[in-house]
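J.: I'd like to ask you about the structure that follows.
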Amino acid sequence: MSDLEDDETPQLSAHALAALQEFYAEQKQQIDPGKDDKYNIGIIEENWQLSQFWYSQETALRLAQEAIAAVGEGGRIACVSAPSVYQKLREMCREDFSVYIFEYDKRFAMYGEEFIFYDYNNPLDLPERIAAHSFDIVLADPPYLSEECLRKTSETIKYLTRGKILLCTGAVMEEQAAELLGVKMCTFIPKHTRNLANEFRCYVNYDSGLDCLI
């Protein structure tokens, strides 16, 4: 009787079992990623309801390198709604600059004291430890392509920066970006891990390497 019961017990195929084990491994990594993996782009999955679309590895690296070049040794970088650039900066394992991530999604609180909860609807609702004009560059990617979102995010940018601004948003926002922040469009075109319907561009208010073809 017991042999018959064993025969009738449902069994997973080898393929299904492997898929299940991979799923559990991914879930464990998201909850407790290893030290070497915690800054990988994609370790935290995009949440489309929050309008999250991560940059490609190449774009994140180019923007990270641009921010480092702009601030110089010992500089301070603010990544506002641009978590994949923050991750790339930290993945580079350099200690000659400091960087903070300003982000609504509390999953990024895994980055400890460098995580600052940020809601663009309350653009100046920031911790006391974040002083005005305390960052050499602010790199921002407002989550929505709307005048309201850009206007409110611009308040945050102008509060945080000592001068330099690197804005990433849609090409359709060029006129508003220039009006609100005094930035101009760069020749460099950022790419995302997924193809988006809207063309994205970078904007700066300083002489930038993003206008150099490499």
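J.: Arg151 passes all but one of (1) outside any helix (DSSP H, G or I); (2) touching a helix residue (DSSP H, G or I) at 6+ places or on another chain (Cβ under 7 Å); (3) surrounded by 15 or more Cβ atoms within 10 Å (Cβ to Cβ); which number fails?
T.: (1)
J.: Filter the stretch 154-199 down to residues that are under 25 Å from Ala131 (Cα atoms) and in contact with a Phe, Trp or Tyr (Cβ under 6 Å, 6 or more places away or on another chain) and give me whichever is most open to solvent (accessible area, probe 1.4 Å).
T.: Out of the qualifying residues, it is Lys164.
J.: So in the stretch 98-134, with the set limited to residues that are in contact with a Leu (Cβ under 8 Å, 6 or more places away or on another chain) and open to solvent by 50 Å² or more (accessible area, probe 1.4 Å), which one is modelled with the highest pLDDT?
T.: Per the criteria, the residue is His133.
J.: Residue under question is Arg151, and the condition is that it be touching a Leu at 6+ places or on another chain (Cβ under 9 Å), touching a residue at least 24 places away in the same chain (Cβ under 8 Å) and of a type in the set (D, E, K, R); does it hold?
T.: yes
The values are calculated or read from the model by the stated rules, or taken from the named source; none is laboratory data. Predicted model, so just to flag it, every value in this text is computed and none were measured. All Cβ positions, glycine included, derive from the backbone under ideal geometry; neighbour counts span all protein chains shown. In case anyone asks, the SASA skips ligands and DNA or RNA and just uses the protein heavy atoms, side chains included. Shrake-Rupley method; radii C 1.70, N 1.55, O 1.52, S 1.80 Å.
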